[in-house]
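Chemist: Got a structure for you, questions after.
Just so it is clear, none of the values below were taken in a lab; they were calculated from the coordinates. Values in this document were obtained by computation on a predicted structure and should not be read as measured data. Here Cβ is always computed from backbone atoms with ideal geometry, including for glycine, and neighbour counts include all displayed protein chains.
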Number of protein chains: 2
Amino acid sequence: MTKYLHTMIRVSDPAATIRFFELIGLKEIRRYDNEKDRFSLIFLAALGDEGIAEVELTHNWDESGYTGGRNMGHLAFRVDDIYATCAALMAAGVTINRPPRDGHMAFVKTPDGISIELLQDGSLPPQEPWASMENTGSW
Amino acid sequence: MTKYLHTMIRVSDPAATIRFFELIGLKEIRRYDNEKDRFSLIFLAALGDEGIAEVELTHNWDESGYTGGRNMGHLAFRVDDIYATCAALMAAGVTINRPPRDGHMAFVKTPDGISIELLQDGSLPPQEPWASMENTGSW
């Protein structure tokens, strides 16, 4: 079953953004800090929305000053069969910007260029044509 | 209780966008067409996500060619008391771009400029300072 997961936005100042969302009634529910690649992922949700509808903040430690455009990240959806979904999208003429080489994650874009993340529930064994398909463009 | 409602994105070609989302597993669940002001609002959701986590497509009939920036709309949250939430935001230095003059709807922005819609569950009687507060900027 396809299921909404989160909307991701890029943030320059995570503390300021978390404070902002706390004022609306969301809380940090989990966080992943990657010192090597210098980024953090921070998930926020309203009480009861944990695992149902979350906001993901992406903080690239060495970036700042986002304005309209790259401040918007993506909408993410869990799908039943990521290969079947990507095959259907390709058949409809959609570019698979980030093919599901790992059987788990893919990125595509809406007709207006909004990035959409597709996530397999678990992961499927690597499979062609996906396993050897290169990335295309950005997402 | 604060609760996630939807992420809104602007679309140039609603039929193309709906087809795109259908390929991922979402369906149109309701639609509002306004002939006078020439726009449509189309709500999509995965099965079981209706009323829980939706995507809203805004189609302004006379606009097209969105690229990064204005293609991203807003994230929307239902709140318990829109006046209390806006007061807390203002106290924290956040500009209330669209004050809740009607006791029902307000818009603010995250520190990186992502628009956030606040919606009162029902509506409160008009109340100062909100009732006479002007809009500020865009959202």
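Chemist: In Å, what Rg and Dmax follow from the Cα atoms of the protein assembly as shown?
Modeler: When restricted to the Cα atoms of the protein assembly as shown, Rg and Dmax are 18.9, 63 Å.
Chemist: How far apart, in nm, are two points set 7 Å out from the Cα along the Cα-to-Cβ line at A:T58 and at A:S12?
Modeler: Distance between the two pseudo-spin positions: 1.8 nm.
Chemist: Tell me the net charge near B:Y83. Cut-off is 15 Å between Cβ atoms, B:Y83 excluded, with +1 for each Lys or Arg and -1 for each Asp or Glu.
Modeler: That works out to -2.
Chemist: 7 Å along Cα→Cβ for the label point: how many nanometres lie between A:T136 and each equivalent label in the other copies, listed shortest first?
Modeler: 4.5
Chemist: Rounded to the nearest 10 degrees, what's the angle between the helix A:14-24 long axis and the longest principal axis of chain A, both from Cα atoms, 0 to 90?
Modeler: Here the helix axis deviates by roughly 80 degrees.
Chemist: I need the phi-derived Karplus couplings for region B:95-102: 6.51 cos²θ - 1.76 cosθ + 1.60, θ = phi - 60°, integer Hz, Gly and Pro marked x.
Modeler: For region B:95-102, the Karplus curve yields 6, 8, 4, 10, x, x, 4, 8 Hz.
Chemist: Principal axes first, then extents: for the Cα atoms of region B:80-139, list largest minus smallest coordinate on each axis, whole Å, largest first.
Modeler: Result, largest extent first: 31, 21, 19 Å.
Chemist: Would you work out which of B:F21, B:V79, B:W61 lies farthest towards the positive end of the dipole of the protein assembly as shown? Charges go on Cβ: Lys and Arg +1, Asp and Glu -1.
Modeler: It is B:W61.
Chemist: For the protein assembly as shown, give the magnitude of the charge dipole about the Cα centre (Cβ charges: +1 Lys/Arg, -1 Asp/Glu; no others), in debye to the nearest 20.
Modeler: 240 debye
Chemist: Something else now. In whole Å, how far is the Cα centre of region B:114-139 from that of region A:86-127?
Modeler: One Cα centre to the other: 38 Å.
Chemist: Give me D for chain B in µm² s⁻¹, whole number, from Stokes-Einstein with Rh from the Kirkwood sum over alpha-carbon pairs, 37 °C and 0.692 mPa s.
Modeler: Answer, rounded: 204 µm²/s.
Chemist: Going by alpha carbons, how many degrees (0 to 90, nearest 10) lie between the helix axis of A:82-91 and the longest principal axis of chain A?
Modeler: Around 70 degrees separate the two axes.
Chemist: Mind sorting B:S12, B:S64 by how few other Cβ atoms lie within 10 Å of their own Cβ, fewest first?
Modeler: Ranking B:S12, B:S64 by Cβ neighbours within 10 Å, fewest first, gives B:S64, B:S12.
Chemist: Okay, next question. For region A:8-70, just list the percent of Cα-Cα distances falling in each 5 Å bin from zero outward, please.
Modeler: Histogram of Cα-Cα distances, whole percents per bin: 4, 18, 28, 25, 16, 8, 1.
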